[in-house]
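The values are calculated or read from the model by the stated rules, or taken from the named source; none is laboratory data. All values derive from a computational prediction rather than experimental measurement. Positions of Cβ are generated from backbone atoms using ideal geometry, with glycine treated the same way; all protein chains shown enter the neighbour counts. Side chains are part of the model used for accessible areas, which takes the heavy atoms of the whole protein and leaves out ligands, DNA and RNA. Shrake-Rupley method; radii C 1.70, N 1.55, O 1.52, S 1.80 Å.
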Amino acid sequence: MQDVYLTAAGACLPGVPVTNDRMVRHLGVIDPQSERLGRLILRQNRIETRHYALTETGAATHSNASLAATALRDGMGNGGYGMEELSLLAAATTQGDLLVPGHASAVHGELGAGPLEIASFQSVCASSMMAAKYAALSVGAGEARLAAATGSEFSSRWFRPSFYAPAEELLQNKEHRMAVEFLRWTLSDGGGAVLFADRPGTHTQSYEVEWITLTSLADRFETCMIAGQGPEYREDLRNSWSFHPGGPAGSARDGAIMLYQDMVLLKRIIHAWVGEYLKLVDGGRVDPKGVDWLLCHYSAHSLREEIISLLKTTGGMIDEEKWFTNLPTAGNTGSASLFVMLDEFNRKGLARPGDKILCIVPESGRAVISFMMLTAL
């Protein structure tokens, strides 16, 4: 395997920053209970502004694919590359614009580039790291000289009142209600991209990719974040939306068209994520004192505090002044979050030659955790 370099990053955060008091103008009004829960959740996640690809009338300004393509064009420009130099596109998202075909095909179509190798990665937040690893390995194997990984989300389309109306009776359950409201007031829209090459770039900060690792813990945990199945049946895939005897309309009444987050299960999964990190520490792959910057994706400030508490008790803590995040201003853009973070990190010029940058992307979907170690050039 030859050396691989992360040579540029780009981002697309649609529209103007949306403050907390204006969120409902884009998402729409459900009922007073939703807004009460929203105020509580916003105090927990501490997000101050975010971006939506929806206008205040609910009209879409982008597609999921166009968010990714715009971010990739931004990254190509930042890296000083021409589109003809790109030979591979790995596109990640939680849910593309279509059920079929794959998301990467849609992004490629929006990009307007020539013939490319493509790969689609559909999961939740860690799908971005799946795409990044595929792109980096392709360069390392000599199959591509320049490869792109994108992550993009159009989460706000899930949060319009019309998605909740069919399952109104289900939402009377307090547990189910909090499971959907947490995501409604936490997730937002955006696209991010990174480029991997067989040589350092010349236009912006470059990093040598030391390693990328990803672990699924689906054998240990039930589904934590889900769409496509009502909350009462989430462990029997034969009860998913596509098998529902009432068709799509029947599955919507059972709540299958809403996004859920099991907050109780999430707290258990956090301990497992930290356990996987500590394995890297014990195995000598990560030296907490030798990490100069930590770019860790997390959905809410309250979860960051829980992670820090665990790290301090286990001796794996990386000093908080080394943590870089833009969650309060960019919001939680799911699979795009790490790449959007890297773009801002580069624009601020924070890395110095030799700095070790540890990137962490956990995924609550069914418990995935991923890590990437970079060395600044």
> Which value in deg cm²/dmol, rounded to the nearest 500, describes the helix-derived mean residue ellipticity at 222 nm for the chain, given -39,500 (n - 2.57) per DSSP H run of n ≥ 4 and division by the residue count?
Replying inline: -10500 deg cm²/dmol
> What does a probe at M83 reach in the stretch 43-65, counting residues whose amide N is under 19 Å from the point 7 Å along Cα→Cβ?
Replying inline: 62-65
>> Taking the Cα centroid of the stretch 59-97 and of the stretch 341-377, what is the distance between the two, rounded to the nearest whole Å?
In response: 19
>> Given axes a ≥ b ≥ c from the Cα gyration tensor, I'd like to know whether the stretch 54-165 is rounded (a/c under 1.5), prolate (a/b larger than b/c) or oblate.
In response: prolate
> When all C-alpha to C-alpha distances in the chain are sorted into bins of 10 Å, what percent of pairs does each bin hold, rounded to whole numbers?
Replying inline: 5, 25, 34, 25, 10, 1
> Given R₀ = 22 Å, FRET efficiency for Q44-R22 by Cβ-Cβ distance, to 0.05?
Replying inline: 0.70
> So what's the stretch 152-266 giving for Cα Rg divided by 2.2 N^0.38 Å, two decimals?
Replying inline: 1.41
> Using a simple spin-label model with points 7 Å from Cα along the Cα→Cβ vector, what separation in nm is obtained for E35 and K279?
Replying inline: 4.7
>> I need the phi-derived Karplus couplings for the stretch 272-278: 6.51 cos²θ - 1.76 cosθ + 1.60, θ = phi - 60°, integer Hz, Gly and Pro marked x.
In response: 5, 4, 4, x, 5, 4, 5
>> Once ligands and nucleic acids are excluded and a 1.4 Å probe is used, how much of L99 is accessible, expressed in Å² to the nearest 10?
In response: 130
> Roughly how tilted is helix 32-45, in degrees to the nearest 10 and between 0 and 90, from the longest Cα axis of the chain?
Replying inline: 20
>> Accessible area of the stretch 17-100 with a 1.4 Å probe: how many percent of it is carbon plus sulfur?
In response: 53
>> Running a GNM on the chain with Cα contacts under 10 Å, which residue among S309, S127, S34 ends up with the highest mean-square fluctuation?
In response: S309
>> Tell me whether the stretch 1-109 comes out rounded, prolate or oblate; compute the Cα gyration tensor, take square roots of the eigenvalues as a ≥ b ≥ c, and use a/c under 1.5 as the rounded threshold.
In response: prolate
>> Which of L183, L170, L266 ends up with the largest GNM mean-square fluctuation for the chain, with Cα atoms connected below 10 Å?
In response: L170
> Taking only protein heavy atoms and a 1.4 Å probe, what accessible area per residue, in Å², does the chain have with all protein chains in place?
Replying inline: 41
>> Tell me the carbon and sulfur percent of the accessible area for the stretch 218-336, rounded to whole percent, probe radius 1.4 Å.
In response: 53
>> Please state the shape class of the stretch 148-201: rounded when a/c is under 1.5, otherwise prolate if a/b exceeds b/c and oblate if not, all from the C-alpha gyration tensor.
In response: prolate
>> Relative contact order for the stretch 275-377: what percent, with Cα pairs under 8 Å and sequence separation of 6 or more?
In response: 32
> Kirkwood hydrodynamic radius for the stretch 273-338: how many Å is it when counted over pairs of different Cα atoms?
Replying inline: 12.7
>> Please check: in the Gaussian network model of the chain (C-alpha springs, under 10 Å), which one of E85, E321, E48 has the largest mean-square fluctuation.
In response: E321
> In square angstrom, rounded to the nearest 10, how much accessible surface does W323 have for a 1.4 Å probe?
Replying inline: 30
